[in-house]
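Notes follow once the structure below has been shown.
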């Protein structure tokens, strides 16, 4: 496996067991209504992922493509989720090797200029068409873009964590698309993990703070709730980058009425080296992604906290996977005994 991310060469698809391009963001329309969105464009080696998801054995193809879509109407307190699985189809489903151009049916993410990207996601009767402008440039996670996951192996990973967004949001309730604007985050990650399931147990967050800094923080753990040390990448307002130790603490819990899975409801993030302490609170509790493969929570959150004695605010997207598979011991360790908020 390679040891250094090199751009623009590495924007395209790789020969890897797992690869994904991911975007999330925060939008406001002309009426002042607020939305969150996320989409993950996955590319999998079928034989590898079929070990964990046997239903994929039915697909007679070496490579599978999959997209997960989520839209949160924060103002209306409604969450929408969908997923699609595709087989390769020249010109319709695939990913370019030498540039960022990923297209799964009507959904795509592609680079259209040195600092510009175009995203289109179609979700039942809802469609987002967004243009991203990169305000700060990419940031490499880990060491030169190589991020370690302990015994699970490692991945190559970089982000564009501060994107200005303009575009349109089309829904079945409007005669014409509405204009939206906001901010977004774009990830690209790929690797050949070890035998363990690489994305079943982890906490992850992409945070945009109002002082112009961004934080990526992650914490992998096992079914018994034991976690490797949480780690973070801090991208400063002036472009400085630091890889830091982090502490991720769950605060309270929320139980899904659909699946009965219990998830943390709030999260405290500590970066001791920066004297930074944040609390992330879900913009609505029910942002569960009810996938046919595994259940997880991913959604928009509001952020408050302090850097030293200075108060700070921001926004984040949080991903929580593996909570449906935790052992009783793992649930106690991961979720604690604090009472969760009322639904």
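The values are calculated or read from the model by the stated rules, or taken from the named source; none is laboratory data. Note that the coordinates shown come from a computational prediction; the quantities given were computed from them, not determined experimentally. A quick note on method: Cβ atoms are made from the backbone with ideal geometry, for glycine too, and the neighbour counts reach across all protein chains shown.
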With (1) modelled with pLDDT under 95; (2) crowded, with 16+ Cβ neighbours inside 10 Å; (3) not assigned by TED's automatic domain parsing to the domain that holds residue 264 as the list, and residue 163 as the residue in question, which single condition is left unmet? (1)
Hey, can you tell me all the residues within the stretch 239-252 that are part of a strand (DSSP E or B), within 28 Å of residue 145 (Cβ to Cβ) and either in the same structural domain as residue 80 (by TED's automatic domain parsing) or in contact (Cβ under 8 Å) with a residue 60 or more places away in the chain (or both)? 241, 243
Hey, does the stretch 271-284 have a residue that's over 25 Å from residue 159 (Cα atoms), in contact with a strand residue (DSSP E or B) (Cβ under 8 Å, 6 or more places away or on another chain), in the same structural domain as residue 233 (by TED's automatic domain parsing) and modelled with pLDDT of 95 or more? yes
Can you tell me how many residues within the stretch 108-152 are surrounded by fewer than 18 Cβ atoms within 10 Å (Cβ to Cβ) and farther than 25 Å from residue 180 by Cβ? 5
Have a look at 3, 15 and point out the one that is assigned to a loop (DSSP other than H, G, I, E, B) and without any contact (Cβ under 8 Å) to a residue 12 or more places away in the chain. 15
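Yes/no matrix, rows are residues, columns are (1) over 24 Å from residue 300 (Cα atoms); (2) in a strand (DSSP E or B); (3) more than 21 Å from the chain's Cα centre (by Cα):
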| position | (1), (2), (3) |
| --- | --- |
| 23 | no, yes, no |
| 32 | no, no, yes |
| 39 | no, yes, no |
| 48 | yes, no, yes |
| 65 | yes, yes, no |
| 69 | no, yes, no |
Subset of the stretch 89-102, residues more than 24 Å from the chain's Cα centre (by Cα) and either farther than 17 Å from residue 118 by Cα or outside any loop (DSSP other than H, G, I, E, B) (or both), comes to 89, 90, 91
Inspect the stretch 280-289 for any residue being within 17 Å of residue 201 (Cβ to Cβ) and in contact (Cβ under 8 Å) with a residue 40 or more places away in the chain and give the result as yes or no. yes
Residue tally, condition over 23 Å from residue 74 (Cβ atoms) and in contact with a helix residue (DSSP H, G or I) (Cβ under 8 Å, 6 or more places away or on another chain), over the stretch 306-326: 2
Residue by residue through the stretch 71-88, note down the ones that are surrounded by 14 or more Cβ atoms within 10 Å (Cβ to Cβ) and either without any contact (Cβ under 8 Å) to a residue 12 or more places away in the chain or in a strand (DSSP E or B) (or both). 71, 72, 73, 79, 80, 81, 82, 83, 84, 85, 86
Please go through the stretch 286-305 and give me each residue that is closer than 25 Å to residue 34 by Cβ, in contact with a helix residue (DSSP H, G or I) (Cβ under 8 Å, 6 or more places away or on another chain) and either at pLDDT below 95 or not assigned by TED's automatic domain parsing to the domain that holds residue 255 (or both), ordered by number. 296
Here's a check for you: in the stretch 227-270, which residue that is touching a strand residue (DSSP E or B) at 6+ places or on another chain (Cβ under 9 Å) and at positive phi is surrounded by the most Cβ atoms within 10 Å (Cβ to Cβ)? 252
The stretch 34-49, subset at pLDDT below 95 and in contact with a strand residue (DSSP E or B) (Cβ under 9 Å, 6 or more places away or on another chain), residue farthest from residue 107 (Cα to Cα): 48
Please verify whether the stretch 225-238 includes one or more residues that are in contact with a helix residue (DSSP H, G or I) (Cβ under 6 Å, 6 or more places away or on another chain) and touching a residue at least 60 places away in the same chain (Cβ under 8 Å). yes
Filtering the stretch 253-285 for residues that are in a strand (DSSP E or B) and in contact with a helix residue (DSSP H, G or I) (Cβ under 9 Å, 6 or more places away or on another chain) leaves a count of 4
